[in-house]
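Following: one structure in C-alpha coordinates, then a few remarks.
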Amino acid sequence: ASSYAFKAMHNLRAERVGTVRTLNGNDVPAQDFFAYLRALREAEMPAMRQTTELLEQIEFSDKARLLPELKRLMGELTKLQAESWEAMQKPKSERRATLVKDYATVNDALLPTLDSIAVGLAVAVSHQDAELDQLLMIKQIAGHIRTVLSAATSLRSSSLAPGKLPSDGHTTYAKDFCVFECALREPDNTYAS
(Lines give C-alpha, C1' and ligand atoms only; values in the text may rest on other atoms or scores of the structure.)
Protein backbone atom coordinates (compact mmCIF):
# COMPACT_ATOMS: atom_id res chain seq x y z
CA ALA A 1 0.00 0.00 0.00
CA SER A 2 2.85 2.35 0.87
CA SER A 3 4.56 1.65 -2.42
CA TYR A 4 1.41 2.41 -4.41
CA ALA A 5 0.86 5.61 -2.42
CA PHE A 6 4.45 6.66 -3.18
CA LYS A 7 3.95 5.98 -6.90
CA ALA A 8 0.70 7.96 -6.90
CA MET A 9 2.31 10.95 -5.15
CA HIS A 10 5.27 10.95 -7.53
CA ASN A 11 3.05 11.03 -10.61
CA LEU A 12 0.54 13.45 -9.08
CA ARG A 13 3.23 16.07 -8.55
CA ALA A 14 4.45 15.96 -12.14
CA GLU A 15 0.95 15.72 -13.58
CA ARG A 16 -0.33 18.63 -11.48
CA VAL A 17 2.39 20.95 -12.70
CA GLY A 18 1.80 20.02 -16.34
CA THR A 19 -1.98 20.27 -16.12
CA VAL A 20 -2.06 23.57 -14.23
CA ARG A 21 0.58 25.17 -16.46
CA THR A 22 -1.30 24.06 -19.58
CA LEU A 23 -4.69 25.23 -18.32
CA ASN A 24 -3.14 28.61 -17.46
CA GLY A 25 -1.65 28.87 -20.95
CA ASN A 26 -3.45 30.43 -23.87
CA ASP A 27 -2.68 27.84 -26.51
CA VAL A 28 -3.49 24.19 -27.10
CA PRO A 29 -0.34 22.17 -26.30
CA ALA A 30 1.48 19.92 -28.79
CA GLN A 31 0.35 16.29 -29.13
CA ASP A 32 3.51 14.94 -27.49
CA PHE A 33 2.50 16.78 -24.31
CA PHE A 34 -0.82 14.93 -24.27
CA ALA A 35 1.06 11.61 -24.54
CA TYR A 36 3.27 12.65 -21.60
CA LEU A 37 0.28 13.71 -19.51
CA ARG A 38 -1.68 10.56 -20.37
CA ALA A 39 1.24 8.40 -19.18
CA LEU A 40 1.35 10.24 -15.84
CA ARG A 41 -2.39 9.91 -15.32
CA GLU A 42 -2.35 6.25 -16.33
CA ALA A 43 0.28 5.62 -13.64
CA GLU A 44 -1.20 7.74 -10.82
CA MET A 45 -4.85 6.71 -10.93
CA PRO A 46 -4.33 2.91 -10.84
CA ALA A 47 -1.76 3.41 -8.06
CA MET A 48 -4.31 5.40 -6.02
CA ARG A 49 -7.04 2.81 -6.66
CA GLN A 50 -4.68 0.02 -5.57
CA THR A 51 -3.72 2.00 -2.47
CA THR A 52 -7.39 2.42 -1.57
CA GLU A 53 -8.17 -1.27 -2.08
CA LEU A 54 -5.27 -2.37 0.10
CA LEU A 55 -6.02 0.19 2.81
CA GLU A 56 -9.44 -1.37 3.34
CA GLN A 57 -7.64 -4.37 4.87
CA ILE A 58 -4.97 -2.52 6.87
CA GLU A 59 -5.20 -0.78 10.24
CA PHE A 60 -3.25 2.48 10.54
CA SER A 61 -3.60 5.71 12.47
CA ASP A 62 -6.47 8.00 11.46
CA LYS A 63 -7.84 5.49 8.94
CA ALA A 64 -11.44 6.47 9.70
CA ARG A 65 -10.74 10.00 8.41
CA LEU A 66 -8.01 9.46 5.81
CA LEU A 67 -9.49 6.61 3.76
CA PRO A 68 -12.87 8.29 3.08
CA GLU A 69 -11.05 11.54 2.30
CA LEU A 70 -8.79 9.75 -0.18
CA LYS A 71 -11.83 8.20 -1.88
CA ARG A 72 -13.62 11.56 -2.04
CA LEU A 73 -10.60 13.35 -3.50
CA MET A 74 -10.02 10.57 -6.04
CA GLY A 75 -13.62 10.96 -7.22
CA GLU A 76 -13.18 14.71 -7.61
CA LEU A 77 -9.86 14.28 -9.40
CA THR A 78 -11.36 11.76 -11.83
CA LYS A 79 -14.03 14.29 -12.85
CA LEU A 80 -11.53 17.14 -13.08
CA GLN A 81 -9.15 15.09 -15.19
CA ALA A 82 -11.90 14.39 -17.71
CA GLU A 83 -12.91 18.05 -17.81
CA SER A 84 -9.33 19.31 -18.00
CA TRP A 85 -8.48 16.90 -20.81
CA GLU A 86 -11.21 18.42 -22.96
CA ALA A 87 -10.44 21.97 -21.81
CA MET A 88 -6.74 21.72 -22.71
CA GLN A 89 -7.73 21.06 -26.30
CA LYS A 90 -9.52 24.42 -26.48
CA PRO A 91 -8.23 27.99 -26.26
CA LYS A 92 -8.09 29.46 -22.76
CA SER A 93 -11.09 31.70 -23.44
CA GLU A 94 -13.30 28.60 -23.82
CA ARG A 95 -12.17 26.92 -20.56
CA ARG A 96 -14.16 27.11 -17.31
CA ALA A 97 -12.68 30.03 -15.37
CA THR A 98 -12.25 28.19 -12.05
CA LEU A 99 -10.99 24.91 -13.52
CA VAL A 100 -7.32 25.63 -12.78
CA LYS A 101 -8.06 26.62 -9.19
CA ASP A 102 -10.30 23.58 -8.64
CA TYR A 103 -7.69 21.25 -10.12
CA ALA A 104 -4.88 22.66 -7.99
CA THR A 105 -7.04 22.59 -4.85
CA VAL A 106 -7.88 18.89 -5.22
CA ASN A 107 -4.24 18.00 -5.93
CA ASP A 108 -3.07 20.13 -3.03
CA ALA A 109 -5.41 18.15 -0.75
CA LEU A 110 -4.58 14.75 -2.24
CA LEU A 111 -0.84 14.96 -1.73
CA PRO A 112 -0.90 15.55 2.05
CA THR A 113 -3.66 12.95 2.41
CA LEU A 114 -1.52 10.34 0.66
CA ASP A 115 1.50 11.48 2.65
CA SER A 116 -0.40 11.14 5.94
CA ILE A 117 -1.47 7.65 4.91
CA ALA A 118 2.13 6.72 4.09
CA VAL A 119 3.24 8.01 7.49
CA GLY A 120 0.44 6.07 9.21
CA LEU A 121 1.50 2.89 7.44
CA ALA A 122 5.14 3.43 8.41
CA VAL A 123 4.20 3.99 12.04
CA ALA A 124 2.02 0.87 12.02
CA VAL A 125 5.00 -1.35 11.16
CA SER A 126 7.81 0.56 12.84
CA HIS A 127 9.97 -1.00 15.54
CA GLN A 128 9.00 -4.52 14.51
CA ASP A 129 11.97 -5.21 12.27
CA ALA A 130 15.24 -3.22 12.25
CA GLU A 131 15.84 -3.78 8.53
CA LEU A 132 12.32 -2.62 7.68
CA ASP A 133 12.81 0.47 9.86
CA GLN A 134 15.98 1.34 7.91
CA LEU A 135 14.18 0.87 4.59
CA LEU A 136 11.33 3.09 5.75
CA MET A 137 13.81 5.76 6.83
CA ILE A 138 15.42 5.66 3.36
CA LYS A 139 11.97 5.93 1.77
CA GLN A 140 11.15 8.86 4.06
CA ILE A 141 14.32 10.69 3.00
CA ALA A 142 13.60 9.94 -0.67
CA GLY A 143 10.10 11.33 -0.20
CA HIS A 144 11.49 14.56 1.23
CA ILE A 145 14.01 14.88 -1.58
CA ARG A 146 11.20 14.40 -4.10
CA THR A 147 8.97 16.93 -2.34
CA VAL A 148 11.62 19.62 -2.06
CA LEU A 149 12.90 19.18 -5.60
CA SER A 150 9.35 19.15 -6.94
CA ALA A 151 8.57 22.39 -5.12
CA ALA A 152 11.77 23.98 -6.43
CA THR A 153 11.04 22.86 -9.98
CA SER A 154 7.47 24.11 -9.77
CA LEU A 155 8.62 27.46 -8.37
CA ARG A 156 11.16 27.90 -11.15
CA SER A 157 8.90 26.77 -13.98
CA SER A 158 5.97 28.92 -12.82
CA SER A 159 8.35 31.89 -12.82
CA LEU A 160 9.36 31.48 -16.46
CA ALA A 161 6.30 33.10 -18.04
CA PRO A 162 6.32 36.26 -15.88
CA GLY A 163 10.12 36.33 -15.91
CA LYS A 164 10.51 36.62 -12.14
CA LEU A 165 9.96 34.72 -8.91
CA PRO A 166 6.87 35.51 -6.83
CA SER A 167 7.47 38.02 -4.04
CA ASP A 168 7.99 35.21 -1.49
CA GLY A 169 9.89 32.98 -3.93
CA HIS A 170 13.36 33.36 -2.39
CA THR A 171 12.01 32.71 1.11
CA THR A 172 9.99 29.68 -0.01
CA TYR A 173 12.96 28.25 -1.87
CA ALA A 174 15.30 28.72 1.11
CA LYS A 175 12.75 27.33 3.59
CA ASP A 176 12.19 24.19 1.50
CA PHE A 177 15.90 23.46 1.35
CA CYS A 178 16.27 24.10 5.09
CA VAL A 179 13.55 21.50 5.76
CA PHE A 180 15.33 19.12 3.39
CA GLU A 181 18.69 19.61 5.12
CA CYS A 182 17.10 19.06 8.56
CA ALA A 183 15.46 15.88 7.28
CA LEU A 184 18.81 14.52 6.21
CA ARG A 185 20.34 15.29 9.62
CA GLU A 186 17.44 13.90 11.66
CA PRO A 187 15.45 11.49 9.46
CA ASP A 188 13.42 10.11 12.37
CA ASN A 189 11.90 13.57 12.97
CA THR A 190 11.08 14.43 9.36
CA TYR A 191 7.34 14.38 9.85
CA ALA A 192 7.38 16.12 13.20
CA SER A 193 7.27 19.62 11.72
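The values are calculated or read from the model by the stated rules, or taken from the named source; none is laboratory data. What you are looking at is a predicted structure, and each value in this text was computed from that prediction instead of being measured. Positions of Cβ are backbone-derived with ideal geometry, glycine not excepted, and every protein chain shown enters the neighbour counts. When the accessible area is computed, the model is the full protein with side chains, heavy atoms only, and any ligands, DNA or RNA have been set aside. Shrake-Rupley method; radii C 1.70, N 1.55, O 1.52, S 1.80 Å.
Here are some notes:
- Across the protein chains, with a 1.4 Å probe defining accessible surface, the residues S2, S167 rank S167, S2 from largest area downward.
- Highest to lowest packing among 11-23, 75-87, scored as the average C-beta count within 10 Å: 11-23, 75-87
- Maximal additional length on extending the E53-N24 stretch stands at 7.0 nm, based on 0.36 nm per residue less the C-alpha distance.
- Solvent exposure of segment 55-144 as accessible area per residue, Å², 1.4 Å probe: 55 Å²
- Around R65: net Lys/Arg minus Asp/Glu count, Cβ-Cβ under 13 Å: +1
- Convex hull volume per residue in cubic angstrom - Cα atoms of segment 53-113: 79 Å³
- When only alpha carbons of segment 1-124 are considered, Rg and Dmax amount to 15.2, 49 Å.
- Inverse of mean 1/r across different Cα pairs in segment 8-74, Kirkwood, Å: 13.6 Å
- K90 sits among other residues whose Cβ lies under 13 Å from its own Cβ, and their net charge, with Lys and Arg +1 and Asp and Glu -1, is -1.
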